[in-house]
Amino acid sequence: MAQSFFGGVHPHDKKTATNKKPIEPLPPPAQVVIPMSLHIGAPCRPCVSVGEHVNVGQLIGEMTAYVSAPIHASVSGKVVAVEPRPHFSGTDVLSVVIDNDYQNTLDPSVKPAEHPEDLTAEELVEIIKNAGVVGLGGATFPTHVKIASGLGKVDTVIVNASECEPYNTSDHRILLEYPEEVIGGAKLLARIFGVDKVHVGIEDNKRNAAQLLQQKIQADQAPVAVELLHTRYPQGAEKQLCQSITGRQVPPGELPAAIGCAVFSVDTAAAIYRAVYQGMPVIRRIVTVSGSGVMEPKNLACPIGAPLSDLLDCCGGVSESTYKLLMGGPMMGNAQYSADVPVGKCTNAILAFAKDEERTVEHPACIRCGKCASVCPMRLQPLFLYLYQQKGMLSELEAGNVTDCIECGACAYICPGRLHLVQAMRTAKQQVNAARAAAKARAENKGGESA
Ligand code: SF4
Ligand code: SF4
């Protein structure tokens, strides 16, 4: 068993509702709404017009900057609108709306690379970029940028198969049903970075997937090593995973590349394989639909842009007492106020919770138990950071390294006073970053005046 990291919590994993359920295709949606912002970085510019016919895999959104990722049609049919539509971030975002013709016509641009074994690292990265591959574990950072910024620095490549969020089983099912794609993607990453082997970090509550991967790796003699990890939240956070596998710690304010590591999710590795060997861009997500409010929890293969309401309907709908809808896991997911938003590249789970799971209290209050500090994997002091944020003490927040908070929610989970710690950390990070940007702008202005 690999090493471990500081802090963390052991929430009930609640995965039995879906971890034995094979991935089912979502019935084809009548319409998809594909936002031009499905990644971290600059939004895309639509390159199709109303009335145009599009095919599956056709480019519909072009990159407008280096830190971006192109966007492709997930169904074939007619473009009926290019306009702002509700997005899972809570705002309206420019989107391409396509009425499905149910023909599933593949675009001629979707074809495998010729002689993939002869491609250079640069040619592979170009294919990954053009396929719109982003961090599909939820971060959605463009993969071509992550790879390019790590070339020459990274000596350890990790596939993150820990899936430590409760309820989520989409990665687990991908490992069981598409192991060749994950291993194939890992092999491509080994070639790109020029490393001897790729590590797959997997929690020990998914031993059947670890055993299957081992068998496939041995049969293929692939340069991939399975690392079994303790089941502990947030094992799947990048910095914690790097520490568990290599023993190296990412310094405050730095990224895994600073200690020679690059981390890719299970579905990102599989998407890299599909981009190279099938020519298929990122047009679908495997989504776990679960939670006490869902009638029949499932794992669904969904076209990007399908409405969340279709996913819930496919699972028998939600109970009348449902009080909360989340995109993502219960620890780090984002609340959704409507099911009329689309599936994005980041959507690995949709959870609905019935009333009896409500954990909020009317008057949250700190009892100074110190539990939040003992579980914080970034060794922060959430209690004090919370107080500083409430009082607007920006320099104290900065000195307390609040920008290192990974918003994992471990502190809020353990807090008996039910303080809204994650919201406070999120706000504090925004305030500190805004203050830093303002100070930088002031310094630049001053430099310009005195020049
Ligand atoms: S949310 Fe931030 S402060 Fe809270 S435990 Fe996670 S890293 Fe620490
Ligand atoms: S865990 Fe909650 S109640 Fe305990 S010290 Fe931290 S903020 Fe206060």
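The values are calculated or read from the model by the stated rules, or taken from the named source; none is laboratory data. Every value quoted in this text rests on a predicted model; they were computed, and no experiment measured them. Heads up, the Cβs are rebuilt from the backbone with ideal geometry, glycines too, and the neighbour counts pull from every protein chain shown.
Residue check: is K153 over 30 Å from K21 (Cα atoms), assigned by TED's automatic domain parsing to the domain that holds G236 and in a loop (DSSP other than H, G, I, E, B)? It is true that K153 is over 30 Å from K21 (Cα atoms), assigned by TED's automatic domain parsing to the domain that holds G236 and in a loop (DSSP other than H, G, I, E, B). Selection of the range 67-87 for residues being surrounded by 20 or more Cβ atoms within 10 Å (Cβ to Cβ), under 23 Å from the mean Cα position of the chain (by Cα) and over 18 Å from R45 (Cβ atoms) yields S74, V75. Does V422 satisfy the criteria of being buried (at least 16 other Cβ atoms within 10 Å of the Cβ), away from ligand 2 (no atom under 14 Å from the Cβ) and among the hydrophobic types (A, V, I, L, M, F, W, C)? No, not satisfied.
Residues checked against (1) more than 14 Å from ligand 1 (Cβ to nearest atom); (2) assigned to a loop (DSSP other than H, G, I, E, B); (3) without any contact (Cβ under 8 Å) to a residue 40 or more places away in the chain; (4) not acidic (D, E):
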site: A365; (1), (2), (3), (4): yes, yes, no, yes
site: M378; (1), (2), (3), (4): no, yes, no, yes
site: Q390; (1), (2), (3), (4): yes, no, yes, yes
site: T403; (1), (2), (3), (4): no, no, no, yes
site: Y413; (1), (2), (3), (4): no, no, no, yes
site: Q431; (1), (2), (3), (4): yes, no, no, yes
site: R436; (1), (2), (3), (4): yes, no, yes, yes
site: A439; (1), (2), (3), (4): yes, no, yes, yes
site: K446; (1), (2), (3), (4): yes, no, yes, yes
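Residue count for the range 165-186, restricted to those that are hydrophobic (A, V, I, L, M, F, W, C) and within 19 Å of A262 (Cβ to Cβ): 3.
Taking the listed residues L308, L312, L326, L383, the one that is within 13 Å of ligand 1 (Cβ to nearest atom) and in contact (Cβ under 8 Å) with a residue 12 or more places away in the chain is L383, with no other qualifying. Considering only the range 147-156, I want to know if a residue exists there that is touching a His at 6+ places or on another chain (Cβ under 8 Å) and not hydroxyl-bearing (S, T, Y). No: the range 147-156 contains no residue that is touching a His at 6+ places or on another chain (Cβ under 8 Å) and not hydroxyl-bearing (S, T, Y).
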